Amino acid sequence: MTGLETPSQRRLPRLASPALESLREHLLLHAVREGAFVLKSGRPSSWFIDAKQTVCRPEAMLLVAEAVLDLVPDEVTAIGGLTMGADPVAFVTAAVATVRGRPLKAFSVRKEEKRHGPGGRVAGALDQGDVVVVTEDTVTRGTSLLEAARAVRAAGAEPVGLVALVDRGGTAAAMAAEEGLAFRAVLTAPDLGFPFEGG
């Protein structure tokens, strides 16, 4: 392997289904960039992923929704997370779930509490007592997922799990476990040909 190979040319793990293979290929083509980047944490990285470039494209929306829905427990009644990373994932998954006969509400968690109207941090359809999966397009450390889960609890709903489209960090599961939550990801950094960069 040389440094000139793109992720799609590297020897990558074989995924379990053709749909996951297609999703990974789409991410590599449209969402992954290599170079010199600074992450939200301030740490440097040799690659960056803008997963919205996959989630928001029509040919990939169904792939994303079906993959995420496979990780959502049957008892869940709502899906959402911190805006904007969670929004397209939550909304497309809820829409496809409903078409499949499994109604799911969708919501966003604002980064700051709304000071006018009814206030609060949650926008969209989330009711007290809802059983929730908190989602995100990409996670490195998992802090956004946990922040959203806390906001869901404050709104009177029950987060039961965290689901990311891509886990680039490898640390979210441990952080989630400390708060009694399970974490699952559709794809990981190694699936895309990169090492985990959490911590």
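Just so it is clear, none of the values below were taken in a lab; they were calculated from the coordinates. Everything numeric in this text was worked out from a predicted model, so none of it was measured. Every residue, glycine among them, receives a Cβ derived from its backbone with ideal geometry; neighbour counts consider all protein chains shown.
Close amide H contacts of Phe183 (hydrogens built in the peptide plane, cut-off under 5 Å, sequence separation of 5 or more or a different chain): Leu162.
Amide H contacts of Phe194: none lie under 5 Å away among residues 5 or more positions distant or on a separate chain (H built 1.01 Å from N in the peptide plane; Pro and chain starts excluded).
What does the extension gain come out to for Asp74 and Val99, with contour length at 0.36 nm per residue minus their alpha carbon separation?
Values: separation 25, 0.36 × 25 = 9.00 nm, distance 1.54 nm.
Going from the current span to full extension adds 7.5 nm.
Between Ala36 and Leu62, the modelled labels are 4.3 nm apart [label points 7 Å from Cα along Cα→Cβ]. With both residues required to sit in the chain, DSSP beta bridges show an antiparallel share near 30%.
The calculated 222 nm mean residue ellipticity attributable to helices in the chain amounts to -9000 deg cm²/dmol, summing -39500 (n - 2.57) over DSSP H runs of n ≥ 4 and dividing by all residues.
Backbone phi angles across region 168-179, fed through the Karplus curve with coefficients 6.51, -1.76 and 1.60 (θ = phi - 60°), yield HN-Hα couplings of 9, x, x, 10, 5, 4, 5, 5, 5, 4, 5, 9 Hz in residue order; Gly and Pro are listed as x. Remark: region 95-100, residue by residue, has Karplus-estimated 3J(HN,Hα) of 5, 5, 4, 5, 4, 7 Hz, where x stands for each Gly or Pro and the curve is 6.51 cos²θ - 1.76 cosθ + 1.60 at θ = phi - 60°. In sequence order, region 141-157 has phi-based couplings of 9, x, 5, 5, 4, 5, 4, 5, 4, 5, 5, 5, 4, 5, 7, x, 9 Hz under the Karplus curve 6.51 cos²θ - 1.76 cosθ + 1.60, θ = phi - 60°, and Gly or Pro positions carry x. Largest GNM mean-square fluctuation among Ala36, Ala60, Ala164, using the chain with Cα springs under 10 Å: Ala36. On full extension, the segment bounded by Lys111 and Asp127 gains 3.8 nm, given 0.36 nm per residue less the C-alpha separation.
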